[in-house]
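Take a look at the structure below.
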Amino acid sequence: MEQQPAQPGVAAGGPTGTAAGPQPAPRPARKRESWLERLQNSHNGLGLVFMLPTGVLLLLFLSYPLGLGVWLGFTDAKIGRSGVFVGLENYIFLAGDSVAQLALFNTMFYTIVASILKFMLGLWLALLLNRSVRNTTFLRAVVLLPWIVPTALSAIAFWWIYDAQFSIISWVLTELGFIDRYVDFLGDPWNARFSTIAANVWRGIPFVAISLLAGLQTISPALYEAAAIDGATPWQRFWHITLPLLTPIIAVVMTFSVLFTFTDFQLIYVLTRGGPLNATHLMATLSFQRAISGGALGEGAALAIAMVPFLLAAILFSYFGLQRRAWQQGGDK
Amino acid sequence: MSAKTDNDSGGMAFLDTRLNRWVTVYIPMGLFLFVLLFPFYWMTITAFKPDAELLSREGNPFWVINPTLAHFNKLLFETDYPIWLLNTMFVSVVATAVSLVAAVLAAYAIERLRFQGAKVSGLAIFLAYLIPPSILFIPLAIVLQYLGLFNTRWALIFTYPTFLIPFCTWLLMGYFRTIPFELEECALIDGASRWEILIKIILPLAVPGLISAGIFAFTLSWNEFIYALTFVSDSEIKTVPVAVVTELVEGDVYHWGPLMAGALLGSLPVAIFYSFFVEYYVSGMTGAVKE
């Protein structure tokens with residue numbers, strides 16, 4: 001930070017400084033190089049050139065589609081027909097549509113239950129990893145596997161685990177004598193909701209655990225020793241040292257986790273396609289069904305855009321989490 | 001005493017008794033590992049089971065009695081699976097390479113050139129990372145249709161950078177920040193151009209960051225689903241995750257053997273690739289969260 005004011009001066013001085021050395025020789029070439037040289041000394045010009053690939057790709061394939069999506073939400077576009085402006089018609093229709101209402105409920109339920117479970121189990125796993133620690137490297141690698149492997153493919157494994165006739169879970173429960181009929185994991189609305197949540201939690205725990213473990217490792221052991229000398233119980237140490245120091249990272253990690261869970265698509269698409277009786281339809285899967293399978297682009301886009309307010313809420317949450325961190329550490333970053 | 005050598009991070013392990021440690025650490029840890037790894041075990045064992053064993057409730061389902069390669073045989077020689085693997089590889093490698101180049105330039109510009117609007121660009125890139133694919137896929141499909149890229153591999157290669165570039169840029173900005181300014185100042189005084197500084201000084205020092213970003217981008221592209229599902233419909237240009245879900249499932253009869261073999265083979269490349277660079281992956285992930 002301190003060096004920054006000196007930077008432009010040096011940047012401007014550098015190339016001209018060397019040009020002063022072998023002055024007479026490169027004279028003829030000078031004119032041809034001048035615009036390039038000027039570009040190299042101009043922070044704005046060079047910055048623009050360096051930002052060009054990123055800027056073009058993101059504007060064309062991110063910003064423009066985002067705007068187009070908002071516009072589509074106000075039109076009655078179908079596949080193959082560009083559609084006309086219809087105002088809030090799509091949103092009014094969706095607000096009264098029982099399937100869309102159910103999808104909103106499902107999405108909230110899915111996000112809230114899965115996020116709470118991911119947080120609690122992830123924090124527990126992080127604490128265990130932080131304590132057990134022979135071979136953390138190996139353990140971390142193994143724990144992260146569910147997060148690395150393509151979700152669509154692990155979802156297929158869950159599909160097989162949840163199979164109505166050959167489910168291994170049902171087999172074990174029957175052998176142990178807990179149940180006498182195989183559980184219909186994906187055929188019953190509430191079973192299906194909890195089964196998909198379980199698969200989502202399975203996939204999300206590693207991310208939460210490994211990120212929180214990184215946070216745990218930055219907490220100085222001296223604090224725990226001091227607390228132990230003062231007679232704090234393990235629970236008090238967790239509650240008064242670990243948790244407050246971990247809060248900023250928890251805020252960020254959980255924001256990302258909520259963001260991914262709220263907009264989840266592939267797990268549901270593979271396991272249930274929204275069924276049974278739309279009981280597991282999330283807003284993203286319903287949006288896909290309406291827009292791509294059903295051809296109602298405008299309606300699908302409106303459903304997708306309806307997720308934005310929730311995402312904004314999550315981002316604001318993250319922002320204030322970061323603010324709090326900066327404040328805690330007494331620095332400006 | 002042995003407990004003390006077990007634990008080098010807390011320094012308080014001497015308070016634990018051995019029994020206590022089993023109950024509070026090892027048993028829960030074992031349960032976690034069992035649950036997290038069981039689907040992979042189940043996937044593997046199913047892929048090697050002959051159909052007769054798969055569809056019977058007799059015997060112990062946790063083990064294979066007569067392992068068979070029939071499912072892999074069917075997958076590799078009777079379906080387009082090898083082509084799907086090549087597609088996924090091609091799309092992931094090209095998208096990762098494009099994103100890395102763009103991200104290096106952008107991160108360097110934002111972090112070191114400090115042009116007007118660098119701060120705003122940095123923030124915009126962070127926000128771009130927070131926009132999920134599930135709200136973009138409908139309008140993106142229209143944009144791709146308009147550009148004539150729909151139902152080609154290029155549709156994926158051009159759209160994957162929308163989530164890869166923001167992540168890689170954000171990660172590399174953090175790495176570039178740790179490289180001392182003095183190195184660049186010396187090089188500038190010695191007459192190096194910005195381009196030379198980037199290639200000869202910054203990039204060699206940022207190799208760990210580049211590896212982190214690269215492996216992250218590669219796994220993200222390999223795992224991508226919703227874009228690949230929406231933008232590509234011909235079987236011979238599908239990627240593995242989409243093709244296994246859409247092409248291997250026929251009607252109501254599920255061929256669990258080939259399905260699991262397909263899931264296993266599709267997971268292996270990314271798992272092996274990742275296992276070589278675990279530390280970079282973890283540092284990338286935790287670094288990005290902590291920034």
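The values are calculated or read from the model by the stated rules, or taken from the named source; none is laboratory data. Every value quoted in this text rests on a predicted model; they were computed, and no experiment measured them. As a convention, Cβ positions derive from the backbone with ideal geometry for all residues, glycine included, and neighbour counts pool all protein chains shown.
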Checklist entry - Scanning the range B:174-216 for residues that are under 24 Å from the mean Cα position of the chain (by Cα), small (Gly, Ala, Ser) and within 21 Å of residue A:47 (Cβ to Cβ), which turns out nearest to the other protein chains (Cβ to nearest Cβ)? => result B:174
Next on the checklist: For residue A:215, only one of the following conditions fails: (1) in a helix (DSSP H, G or I); (2) modelled with pLDDT under 90; (3) facing chain B (nearest Cβ under 9 Å); (4) under 20 Å from residue B:43 (Cα atoms). What is its number?
Outcome noted: (4)
Checklist outcome for this item: All-but-one check, residue B:76 against (1) assigned to a helix (DSSP H, G or I); (2) within 11 Å of chain A (Cβ to nearest Cβ), failing number (2)
Checklist entry - Out of all the residues in the range A:165-193, which are farther than 12 Å from residue A:271 by Cβ and in contact (Cβ under 8 Å) with a residue 40 or more places away in the chain? => result A:188, A:189, A:190
Checklist entry - What number of residues within the range A:277-293 are surrounded by fewer than 24 Cβ atoms within 10 Å (Cβ to Cβ) and either at pLDDT 90 or above or assigned to a helix (DSSP H, G or I) (or both)? => result 5
Checklist outcome for this item: (1) facing chain B (nearest Cβ under 7 Å); (2) in contact with a Gly (Cβ under 9 Å, 6 or more places away or on another chain) all hold for residue A:126 apart from (1)
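Looking at the structure I just gave you, is residue B:86 at pLDDT 90 or above, surrounded by fewer than 19 Cβ atoms within 10 Å (Cβ to Cβ) and either more than 25 Å from the chain's Cα centre (by Cα) or over 30 Å from residue B:195 (Cα atoms) (or both)? Show your work before the answer.
Numbers: at pLDDT 90 or above: yes; surrounded by fewer than 19 Cβ atoms within 10 Å (Cβ to Cβ): yes; either more than 25 Å from the chain's Cα centre (by Cα) or over 30 Å from residue B:195 (Cα atoms) (or both): yes.
Answer is yes for this residue.
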Checklist entry - Looking at residue B:275, is it touching a residue at least 12 places away in the same chain (Cβ under 8 Å) and not hydrophobic (A, V, I, L, M, F, W, C)? => result no
Checklist entry - Quick one: is residue B:160 modelled with pLDDT of 90 or more and of a type outside the set (S, T, N, Q)? => result yes
Checklist outcome for this item: For residue B:21, the lone unmet condition from (1) in a helix (DSSP H, G or I); (2) modelled with pLDDT under 90; (3) surrounded by fewer than 15 Cβ atoms within 10 Å (Cβ to Cβ) is (3)
Checklist entry - Would you say residue A:236 is of a type in the set (S, T, N, Q), in the same structural domain as residue A:320 (by TED's automatic domain parsing) and assigned to a loop (DSSP other than H, G, I, E, B)? => result no
Checklist outcome for this item: Picked from the range A:151-185 (must be closer than 19 Å to residue B:35 by Cβ and either in a loop (DSSP other than H, G, I, E, B) or not assigned by TED's automatic domain parsing to the domain that holds residue A:105 (or both)), the residue modelled with the highest pLDDT is A:162
Checklist entry - Got a number for residues in the range B:130-168 being of a type outside the set (Gly, Ala, Ser) and more than 7 Å from every other protein chain (Cβ to nearest Cβ)? => result 20
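Is there a residue in the range A:213-226 that is in the same structural domain as residue A:113 (by TED's automatic domain parsing), under 30 Å from residue A:157 (Cα atoms) and buried (at least 18 other Cβ atoms within 10 Å of the Cβ)?
Yes, that holds for at least one residue.
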Item to check | Complete set of residues in the range B:98-120 that are facing another protein chain (nearest Cβ under 7 Å) and modelled with pLDDT under 90 | outcome: B:113, B:114, B:115, B:116, B:118
Next on the checklist: Anything in the range A:290-312 that is among the small types (Gly, Ala, Ser), touching a residue at least 40 places away in the same chain (Cβ under 8 Å) and more than 7 Å from chain B (Cβ to nearest Cβ)? List them, or say none.
Outcome noted: A:295, A:296, A:298, A:302, A:306
Next on the checklist: Quick check on my filter: what residues within the range B:48-78 are surrounded by 13 or more Cβ atoms within 10 Å (Cβ to Cβ) and aromatic (Phe, Trp, Tyr)?
Outcome noted: B:48, B:72
Checklist entry - What pairs come up if the first residue lies in the range A:46-58 and is facing chain B (nearest Cβ under 7 Å) and without any contact (Cβ under 8 Å) to a residue 12 or more places away in the chain, the second is assigned to a helix (DSSP H, G or I) and of a type in the set (Phe, Trp, Tyr), and their beta carbons are under 8 Å apart, counting only those six or more places apart or on different chains? => result A:50/B:108; A:57/B:158
Next on the checklist: Residues to consider are B:240, B:249; find the one that is in the same structural domain as residue B:88 (by TED's automatic domain parsing), free of Cβ contacts under 8 Å to residues at least 12 places away in the same chain and under 28 Å from residue B:132 (Cβ atoms).
Outcome noted: B:249
